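The values are calculated or read from the model by the stated rules, or taken from the named source; none is laboratory data. Computed from a prediction, not measured in an experiment: that's the story for all the values here. Using ideal geometry, Cβ is built from the backbone for each residue, glycine included, and neighbour counts are taken over all protein chains shown. The protein model used for the area step is the full one, side chains on, heavy atoms only, and it has no ligands, DNA or RNA in it. Shrake-Rupley method; radii C 1.70, N 1.55, O 1.52, S 1.80 Å.
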Amino acid sequence: MTNLAQLAADLDRTDRLRPFRQRFVLPEGIVYLDGNSLGAMPVAVARSMDTFLQHEWGERLIRGWNDGWWEMPTRLGDQIGRLIGANPGEALVCDNTTTNLYKLAWAVCTATAQRGPIVTDDQNFPSDLYILREVAERTGRELVIVPTDGLQTRMSDVEPLIGGASLLALSLVAFKSGALLDGSSWTRFAHEHGVPILWDLSHAVGVVPIAMADWRADFAVGCCYKHLHGGPGAPAFLSVRSDWIGRLRNPIPGWFGHADPFAMAHAYTPEPGIRRFLTGSSPIASLKALAAGVDLVEEAGVSAIRAKSERMTAFAVDAWTTELRPLGFELSSPASAHERGSHVTLGHPSALAISRRMTQRGVIPDFRPPNGLRLGFAPLYNSFADIVRGVEAIKEALSTHGDADEPLGPVT
Ligand SMILES: *Cc1c(COP(=O)(O)O)cnc(C)c1O
């Protein structure tokens, strides 16, 4: 363990992103390894909320809509668009990931002549599966959930099932295993089969390089409260390649997506651009909070974040090899850093009890059933020393826990 601590200290000393830790509110004595579920709060949020309350809502009242509120979904959309390599005008911030997935999947299924199934895999997020099934049923299609080894989806798994499909919907980084797919070759694979692709970028945006335009990827949705530090329930984003936009209908049309909202017309005419995917009023306070997080990611740069993230997951896997594998933990994530996002999942029969004990001692991981202890690394505020603390906490939790499973209460 001392070797590990020494190595962590060396890595932290040379870490160029280290100054960003001061830009987050992190409670004293807590080691936070769950930023992939809910990112920590940027310090700047308090200031921007205060400005919004005092000088915008408080002073400008309804005039605030003309002072910039109206453009926030597209302005933030373009900023997130830069993080995911989309062109200006292709990304929008609104609603939540689940709703945005519904909007896009329904829009594609009603716009395409293809009647084949919606194809996804068994590593995708449950909410995505619920939505995709609903869209399939409502549009007279089937949903095919491709079985995988639970670790890494292979093209050979999908190949037999993709012919004639209406849509391929996958997570770029799998929420359980942390497996990262090669966005470029998967997009090409879908297109070679004549199938549009929709990426869920929730666990990827802000920590993994994404090139929507270069890949020629059709659609994306993603979450802003994980590695974009947007706060609980932060509005999500969607992205549509420009040649698709004019062909797609919003299944939940509303006045914010109307071409001329203040004409107050009885008939709905969609806005020509990406704004057609808005429904009702944008949550301005939440967009203000999100902007602070997105600014930090843009300032640090995704390539620097990715470089540190790969070093962090590699460090964690090395620590697992020497410290935790001998104690019965399995690696439930891909073995190569290039094939992982920014979290590592360890399998252990007592993972739930271990995660609860760790949390009681101030080291916060999370648990994913059936037996996954998920350790998320946020390169902007986690240090390598945090990983060492995490490994120590796992060992302590295991030794106090013993072999017998304690009664399982609510996860704290
Ligand atoms: C976190 C996450 C979501 C979140 O969905 P919301 O509707 O925004 O709460 C969706 N999909 C994936 C893959 C996720 O990881």
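Under a 1.4 Å probe, what is the accessible area of the chain per residue, stated in Å²? Display every interim value, and only then the final one.
Working: 17160 Å² over 412 residues.
I get 42 Å² per residue for this part.
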Legend entry - Charge dipole of the chain about the Cα centre (unit charges at C-beta), most positive-ward option of 287, 62, 49: 62
Inset, instruction - Please tell me which of these pairs span more than 23 angstrom C-alpha to C-alpha: 103/308; 226/308; 226/288; 226/395? - result: 103/308; 226/395
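Rounded to the nearest 20 debye, what is the charge dipole size of region 1-83 about its Cα centre when +1 sits on each Lys and Arg Cβ and -1 on each Asp and Glu Cβ? Each step should come with its number before you reach the end.
Numbers: 10 positive and 11 negative charges, 40 e Å.
Magnitude of the dipole: close to 200 debye.
Keeping the other protein chains in place, figure out the carbon and sulfur percent of the accessible area of region 309-368, with a 1.4 Å probe.
Answer for region 309-368: carbon and sulfur cover 49 percent of the accessible area.
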Legend entry - Folded to 0 to 90 degrees: helix 2-13 orientation relative to the chain principal axis, Cα: 40 degrees
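Using the Cα gyration tensor of region 117-228, with a ≥ b ≥ c the square roots of its eigenvalues, what is the shape: rounded (a/c below 1.5), prolate (a/b larger than b/c) or oblate (neither)?
Working: a/c = 1.43, a/b = 1.27, b/c = 1.13.
Here region 117-228 falls in the rounded category.
If you place +1 on the Cβ of every Lys and Arg and -1 on the Cβ of every Asp and Glu, how big does the dipole about the Cα centre of region 127-261 come out, in debye to the nearest 20? If you can, show how the numbers build up before the last one.
Numbers: 11 positive and 14 negative charges, 39 e Å.
Dipole magnitude for region 127-261 comes out near 180 debye.
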Inset, instruction - Compute the long axis of helix 302-319 from its Cα atoms, compare it with the longest principal axis of the Cα atoms of the chain, and write down the angle in degrees, 0 to 90, nearest 10. - result: 30 degrees
Legend entry - Dipole magnitude (debye, nearest 20) for the chain, charges at Cβ of Lys, Arg, Asp, Glu: 480 debye
Inset, instruction - Just check region 1-123 against the gyration tensor rule for me: Cα atoms, a ≥ b ≥ c as the square roots of the eigenvalues, rounded for a/c under 1.5, and otherwise prolate or oblate depending on whether a/b exceeds b/c. - result: oblate
Inset, instruction - Take the eigenvalues of the Cα gyration tensor for the chain, scale each by 5, and report the square roots as semi-axes in whole Å, largest first. - result: 36, 27, 18
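Out of the total accessible area of region 98-201 (probe 1.4 Å, heavy atoms of protein only), what percent is carbon and sulfur? Can you show the working numbers first?
Details: 1960 of 3780 Å².
In region 98-201, the share of accessible area belonging to carbon and sulfur is 52 percent.
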Legend entry - Relative contact order of region 1-121, pairs being alpha-carbon contacts under 8 Å that are 6 or more residues apart, as %: 11 percent
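On the protein heavy atoms, probe 1.4 angstrom, tell me the percent of accessible surface of region 226-293 carried by carbon and sulfur. Walk me through the intermediate numbers first.
On the way: 1670 of 2760 Å².
So the carbon and sulfur contribution to the accessible surface is 60 percent.
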Inset, instruction - Taking DSSP loops as anything outside H, G, I, E and B, show the longest stretch in the chain free of GluC sites (Glu not before Pro) there with at most 16 other beta carbons within 10 Å. - result: 143-412
Inset, instruction - Take every Cα pair under 8 Å in the chain that's 6+ residues apart, average their separations, divide by the length, and report that relative contact order as a whole percent. - result: 22 percent
Legend entry - Selection from 303, 211, 234 lying farthest towards where the dipole of region 180-319 points positive, charges on Cβ: 234
Inset, instruction - Please determine, in degrees from 0 to 90 and to the nearest 10, the orientation of helix 126-138 with respect to the longest principal axis defined by the Cα atoms of the chain, where the helix direction is its Cα long axis. - result: 30 degrees
